[in-house]
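The values are calculated or read from the model by the stated rules, or taken from the named source; none is laboratory data. These numbers were taken from a predicted model, which means no experiment stands behind them. Counting neighbours? That spans all protein chains shown, and the Cβs are built from the backbone with ideal geometry, glycine included. Just the protein is used for accessible areas: all its heavy atoms, side chains included, with ligands, DNA and RNA removed. Shrake-Rupley method; radii C 1.70, N 1.55, O 1.52, S 1.80 Å.
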Amino acid sequence: MTAAPERPGDLPEGSPRAAGWRSRLAKARSALGERLGAALARPDLDAGTWEALEEALLGADVSWEVTEQLLGHLRAEATQRRIDDPGELRSLLAAAVTETMDAPDGGLDRSGSPAVWLFVGVNGSGKTTTIGKLAHAEVAAGRRVVLAAADTFRAAATEQLAVWAERAGAHLVAGDPGGDPAAVAFDAISHAAATGADLVMIDTAGRLHTNHNLMGELAKIRRVAQRAPGELREVLVTLDATVGQNGLTQARRFGEAAGVTGAVLTKLDGSARGGSLLSVRAELNVAVKLVGLGEGLGDLVPFDAAAFAAALVGDDEGNSDVRGA
Ligand code: GDP
């Protein structure tokens, strides 16, 4: 078993890593695993096997397009390699999932002084929790971090971010309730520049993603974050994995308003819809950069395509791997 290679932009060395993908993806795995196991245990590779495989993937919330893409790839490989034992398809499927999810731009860009990361996504998708976990890891790695509470519409949002800032050892910049979110972002970036901080993470409002004003606000925050002294490096959309395919519509909207550079898939630990992750990469053409595997400080891990595929699909014996943990 090999350790996952450290990529530039991965969470810093020494940051808390989750215990393993396998146990954390239990629900997603069992959703796919049972049907997949039945399909791969069939004696012959026939039309029924392909149908059973298709059902298994669709049942785990893999989109129709991605399912067809994966199976098309698998069929070609099976023909070329003259495979007649369905069991041999497992490792090919894992490889195809890895390929679908792998992204050269999977790391986080920390260049800039300060570097600015903007977080967008509907309320409840895990923005604040993700910022808290990430701030903790960055501070632990020796970076000075400023958090901007730019969701000025909910007092509770600011309070929650204040708690995370305290836990993480980051500095919090908040505004007046109901105040201009872009002004909070500007103040946080100015404060970071004046004090020599390395990184600013901006928490934003996420209610009513159909509301045009919200999208207008996000676009405005983005413009402020792009201006000196800040250097906008990441716009990360948080997607609740338990919502499955519906999350994609949200991600698209936020992408249009804020120019998303990557996705954070949260609550993958509680989701039976891990397969929806495949669509984020394939249909939105945006890299999944981080994955939330729980509510604790250490439960945010860099996305690792091979570990994800092994946890979801399993290895040749049907066991799921824990690589990348
Ligand atoms: P926000 O409204 O987008 O800022 O969302 P929050 O950060 O407040 O998260 C909403 C809820 O989801 C909270 O109860 C979090 O503890 C929970 N949550 C966030 N990320 C994860 C995760 O990766 N796994 C689990 N199980 N819960 C999470």
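Residues are listed down the side, and each one gets a yes or a no for (1) β-branched (V, I, T); (2) under 30 Å from I189 (Cα atoms):
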| position | (1), (2) |
| --- | --- |
| A76 | no, no |
| R82 | no, no |
| D85 | no, no |
| L92 | no, no |
| A95 | no, no |
| G132 | no, yes |
| V145 | yes, yes |
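Of these, R110, R82, which one is of a type in the set (D, E, K, R), part of a loop (DSSP other than H, G, I, E, B) and crowded, with 17+ Cβ neighbours inside 10 Å? From the options R110, R82, the qualifying one is R110. Count of the stretch 47-70 residues, restricted to those that are open to solvent by 10 Å² or more (accessible area, probe 1.4 Å), in contact with a helix residue (DSSP H, G or I) (Cβ under 9 Å, 6 or more places away or on another chain) and free of Cβ contacts under 8 Å to residues at least 24 places away in the same chain, is 8. Here D105 fulfils each of the conditions (1) open to solvent by 40 Å² or more (accessible area, probe 1.4 Å); (2) over 14 Å from the mean Cα position of the chain (by Cα) apart from (2). Exactly one residue out of L218, L199 is under 25 Å from the mean Cα position of the chain (by Cα), under 24 Å from S111 (Cβ atoms) and at pLDDT below 95, and it is L218.
Within the stretch 113-138, which residues are under 26 Å from A306 (Cβ atoms), in a loop (DSSP other than H, G, I, E, B) and away from the ligand (no atom under 13 Å from the Cβ)? Result: no residue meets the conditions. Exactly one residue out of A148, A141 is under 17 Å from L300 (Cα atoms), more than 11 Å from the ligand (Cβ to nearest atom) and in contact with an Asp or Glu (Cβ under 8 Å, 6 or more places away or on another chain), and it is A141. The set of residues in the stretch 279-293 that are away from the ligand (no atom under 16 Å from the Cβ) and open to solvent by less than 10 Å² (accessible area, probe 1.4 Å) comprises S279, A287.
For G179, the criteria (1) part of a helix (DSSP H, G or I); (2) away from the ligand (no atom under 13 Å from the Cβ); (3) not β-branched (V, I, T) hold in every case but one, which is (1). Scanning the stretch 240-262 finds one or more residues that are surrounded by fewer than 20 Cβ atoms within 10 Å (Cβ to Cβ), under 23 Å from the mean Cα position of the chain (by Cα), away from the ligand (no atom under 15 Å from the Cβ) and on the phi > 0 side of the Ramachandran plot. When the residues of the stretch 160-171 are filtered to those that are more than 14 Å from the ligand (Cβ to nearest atom) and either closer than 21 Å to P229 by Cβ or among the aromatic types (F, W, Y) (or both), the one that is farthest from the chain's Cα centre (by Cα) is H171. Just one of the listed residues (A174, A96, A157, A205) is in contact (Cβ under 8 Å) with a residue 24 or more places away in the chain, open to solvent by less than 40 Å² (accessible area, probe 1.4 Å), away from the ligand (no atom under 14 Å from the Cβ) and not basic (K, R), namely A96. Condition test on G296, is it over 26 Å from L36 (Cα atoms), out of contact with any strand residue (DSSP E or B) (no Cβ under 6 Å at 6 or more places or on another chain) and either open to solvent by 30 Å² or more (accessible area, probe 1.4 Å) or not polar (S, T, N, Q) (or both)? In short, yes.
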